[in-house]
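Trainee: Submitted below is the structure of interest, expressed as structure tokens.
The values are calculated or read from the model by the stated rules, or taken from the named source; none is laboratory data. Just so you know, these numbers come straight off a predicted model, no measurement behind them. Counting neighbours? That spans all protein chains shown, and the Cβs are built from the backbone with ideal geometry, glycine included.
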Amino acid sequence: MRDERPTRAPRQRSGPAPIDDYRGGPEPLRVPPPPGRGPWPHAADEPTRLTPEVPSHRRPARRFQVIGVFVLVVGAVAGSYTALSGDDVSPAPAQVAASPEVSYDPARLAARDSAKAKAEAAAAAAAERARQANEVAAAEEAAAQQVAQTPMPNVPASCDEYTGNRALGCALLLEAGFGLDQMGCLDQLWTRESNWRAEAHNSSSGAHGIPQALPAEKMAPYGEDYLTNPVPQIRWGLDYIRNRYGTPCDAWSFWQANHYY
């Protein structure tokens, strides 16, 4: 027997539609385009969403957690080891300073030592030269002071005051054009050199005669017997003094400062 009861239509639910009826949220609001413009450039089945989707948060993978814990443990162990052995690891300052020296090339070290030795030798030689120059300058200054304090020889009244080779020298002095005032200086000079002896000979230097000509052959143009005759010797000596010093007194001043002329 058929049930004659009327079929009840399903009741319509009032209010907003369930969330499950839409894809992830409430019914999206459709905004119409402005007048004179076509539809929005999106697919018909993808309505415009005004509410942004919130990304879901997931827990990091377990392998990244294990790696992070391992890194922390290794860092802690390394820091403890460095703190405990810091004094042993750091090299001594002397070793750090000396390490570059060990790495130098032996040839470079030898060249440096050689240059240093040459510089020291040059400095020592320069100091020695300066010392000798100072000594020479001091000796010359002392001799000059001595010459300044030494009075000039007395001027003879005539050549009659002299005898022997000195008297001959005085006559030849006047003959050469010098004044009698130069005879005292000439007497002092040749007295120091040879004591007016014509045979005076210096075996070490070879100087000879009254004026101590060096070499003796310089006097040969003044006479063949220049080795024993005082005349050619005196005439050569007076010409030598004139050409080198000017006067016998100038030659005598030089001799007092240097002990030669």
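Trainee: Taking E199 and the conditions (1) under 17 Å from L172 (Cα atoms); (2) exposed (fewer than 14 other Cβ atoms within 10 Å of the Cβ); (3) not small (G, A, S), which numbered condition does it fall short on, given that it satisfies the others?
Mentor: Condition (1) is where E199 drops out.
One line per residue, one yes/no per condition, for (1) modelled with pLDDT under 95; (2) more than 28 Å from A138 (Cβ to Cβ); (3) loosely packed, with under 15 Cβ neighbours inside 10 Å:
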{"position": "E193", "(1), (2), (3)": "no, no, no"}
{"position": "G209", "(1), (2), (3)": "no, yes, no"}
{"position": "K218", "(1), (2), (3)": "no, yes, no"}
{"position": "L227", "(1), (2), (3)": "no, yes, no"}
{"position": "P232", "(1), (2), (3)": "no, yes, no"}
{"position": "R235", "(1), (2), (3)": "no, yes, no"}
{"position": "A257", "(1), (2), (3)": "yes, no, no"}
{"position": "Y260", "(1), (2), (3)": "yes, no, yes"}
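Trainee: Mind counting the residues in region 222-261 that are at positive phi and assigned to a helix (DSSP H, G or I)?
Mentor: So the count comes out to 0.
Trainee: Among the residues that make up region 159-178, is at least one of them of a type outside the set (D, E, K, R) and in contact with a Ser or Thr (Cβ under 8 Å, 6 or more places away or on another chain)?
Mentor: yes
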